[in-house]
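Undergrad: Could you have a look at this structure, given as structure tokens, before my questions?
The values are calculated or read from the model by the stated rules, or taken from the named source; none is laboratory data. If you're wondering where the values come from, they're calculated on a predicted model, not measured in any experiment. FYI the Cβ positions are ideal-geometry reconstructions off the backbone, even for glycines, and counts take in every protein chain you see. In case anyone asks, the SASA skips ligands and DNA or RNA and just uses the protein heavy atoms, side chains included. Shrake-Rupley method; radii C 1.70, N 1.55, O 1.52, S 1.80 Å.
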Amino acid sequence: GMSPEAALHAWEGFRSKRWRPGAPAKPQRVKVAQRPSAGTVKLTYALLPGGVSVWLSDARGVEQRWLPADAVRAATATLVGLVSDPAASRMAVQPAARRAGGLLLGQFESRLVSRHGVTELLIDADDSLSSMPWAVTELSGRKLVEQFALVMTAGFASTSHPPTAIGPASRVAVFANPDVGGLRAEFPPLPDADREAEMIGGFFRSVALRRGAAANREAFLRMAPFANVLHFAGHGVANGGFGGLLVGGEPPFLTAEQIARLDLSRL
């Protein structure tokens with residue numbers, strides 16, 4: 001019984017842990033979702049018992065569509081499997097990327113194409129869709145990463161106070177090319193990450209750089225809450241409900257749950 005905007009706001013509140021089961025929700029009293037600024041579009045995907053609900057919100061308003069859950073899960077699993085397989089060819093990946101794009105984005109193609117001036121795409125993807133390689137997903141025959149600046153988010157896309165501007169005086173924590181020890185065979189060193197870290201360090205006056213064995217879990221947990229900018233150049237893992245970063249030391253994992261417990265309000 002809610003409008004698309006009110007329903008989106010309720011879902012974002014749930015995603016942002018600002019909603020509690022059993023709380024009364026009269027449609028006329030539910031706030032509407034905050035609309036993105038001009039040039040930005042937000043796509044929100046919710047896997048619900050009745051299917052996949054998709055909301056598109058931009059400066060002009062909110063639209064909602066339903067997608068078949070089984071088809072979405074199948075397209076996601078196929079593309080994720082191909083992209084994560086080093087032996088898969090571009091000829092195999094491209095059709096899967098087009099099918100996924102047509103299913104997940106096709107109904108909103110007219111609102112997303114470049115003639116409307118869309119430059120940034122915020123994607124809030126629920127459940128298995130969070131593992132979708134959105135960058136290579138195709139729309140209108142082109143990869144999303146070739147058309148938009150892509151930002152992954154969860155829940156409300158904005159906060160009650162504007163973010164602090166990034167500048168030369170910002171406090172920066174950089175973690176580059178962690179030494180993952182016995183996992184090197186599966187997750188090899190990234191020599192470009194060291195060069196990337198040095199380049200980023202040159203932009204700021206206050207930089208804490210950790211690389212190799214020093215780019216460990218303890219350093220991350222200690223430094224991240226005090227940083228305005230955090231740059232991690234290494235490997236990440238995602239497997240079902242487990243996700244995290246590969247870091248130096250033992251154990252060589254920094255889990256998403258550990259990161260979620262940090263106060264990162266200064267970032």
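Undergrad: Could you tell me which of the residues THR44, THR76, THR40 is open to solvent by less than 20 Å² (accessible area, probe 1.4 Å), of a type in the set (Ser, Thr, Tyr) and over 24 Å from THR119 (Cα atoms)?
TA: Exactly one of THR44, THR76, THR40 is open to solvent by less than 20 Å² (accessible area, probe 1.4 Å), of a type in the set (Ser, Thr, Tyr) and over 24 Å from THR119 (Cα atoms), namely THR76.
Undergrad: If only one of ARG205, ARG195, ARG184, ARG222 is modelled with pLDDT of 95 or more and not polar (S, T, N, Q), which one is it?
TA: Answer to the selection: ARG222.
Undergrad: Among residues belonging to the range 1-56 that are of a type in the set (Ser, Thr, Tyr) and modelled with pLDDT of 80 or more, point out the one that is nearest to ILE123 (Cα to Cα).
TA: Filtering first and then ranking leaves THR44.
Undergrad: Applying the selection to the range 171-228, what residues are basic (Lys, Arg) and over 18 Å from SER265 (Cα atoms)?
TA: ARG184, ARG195, ARG205, ARG210, ARG211, ARG217
Undergrad: Scan the range 125-141 and give yes if some residue there is modelled with pLDDT of 85 or more, open to solvent by 10 Å² or more (accessible area, probe 1.4 Å), over 30 Å from PRO95 (Cβ atoms) and touching a Leu at 6+ places or on another chain (Cβ under 7 Å), otherwise no.
TA: Within the range 125-141, none of the residues are modelled with pLDDT of 85 or more, open to solvent by 10 Å² or more (accessible area, probe 1.4 Å), over 30 Å from PRO95 (Cβ atoms) and touching a Leu at 6+ places or on another chain (Cβ under 7 Å).
Undergrad: Still on this structure, please answer the following. State yes or no: is SER130 among the polar types (S, T, N, Q) and more than 20 Å from LEU245 (Cβ to Cβ)?
TA: So SER130 does not fit the description; no.
Undergrad: For residues in the range 57-73 being modelled with pLDDT under 90 and either over 18 Å from HIS9 (Cα atoms) or among the charged types (D, E, K, R) (or both), which is least open to solvent (accessible area, probe 1.4 Å)?
TA: For the range 57-73, the residue satisfying everything is ASP58.
Undergrad: Which residues, taken from the range 85-97, are in contact (Cβ under 8 Å) with a residue 12 or more places away in the chain and either surrounded by 18 or more Cβ atoms within 10 Å (Cβ to Cβ) or in contact with a helix residue (DSSP H, G or I) (Cβ under 7 Å, 6 or more places away or on another chain) (or both)?
TA: VAL93, ALA96, ALA97
Undergrad: Would you say ILE259 is among the β-branched types (Val, Ile, Thr), in contact with a helix residue (DSSP H, G or I) (Cβ under 9 Å, 6 or more places away or on another chain) and surrounded by fewer than 19 Cβ atoms within 10 Å (Cβ to Cβ)?
TA: yes
Undergrad: Can you tell me how many residues in the range 170-208 are farther than 15 Å from LEU245 by Cα, of a type in the set (Phe, Trp, Tyr) and open to solvent by less than 60 Å² (accessible area, probe 1.4 Å)?
TA: Adding up the residues that qualify gives 1.
Undergrad: Of all residues in the range 168-220, which are in a strand (DSSP E or B), in contact with a Leu (Cβ under 9 Å, 6 or more places away or on another chain) and within 15 Å of HIS235 (Cβ to Cβ)?
TA: Across the range 168-220, the qualifying residues are PHE175, ALA176, ASN177, PRO178, ASN216.
Undergrad: From the list LEU82, LEU104, pick out the single residue that is open to solvent by less than 50 Å² (accessible area, probe 1.4 Å) and either hydroxyl-bearing (Ser, Thr, Tyr) or under 16 Å from THR44 (Cα atoms) (or both).
TA: Every option except LEU104 fails the conditions.
Undergrad: Can you find, within the range 209-256, the residue that is farthest from ARG171 (Cα to Cα) among those that are in contact (Cβ under 8 Å) with a residue 24 or more places away in the chain, open to solvent by 50 Å² or more (accessible area, probe 1.4 Å) and among the small types (Gly, Ala, Ser)?
TA: ALA238
Undergrad: Determine whether THR153 is open to solvent by 80 Å² or more (accessible area, probe 1.4 Å), modelled with pLDDT under 90 and not small (Gly, Ala, Ser).
TA: no
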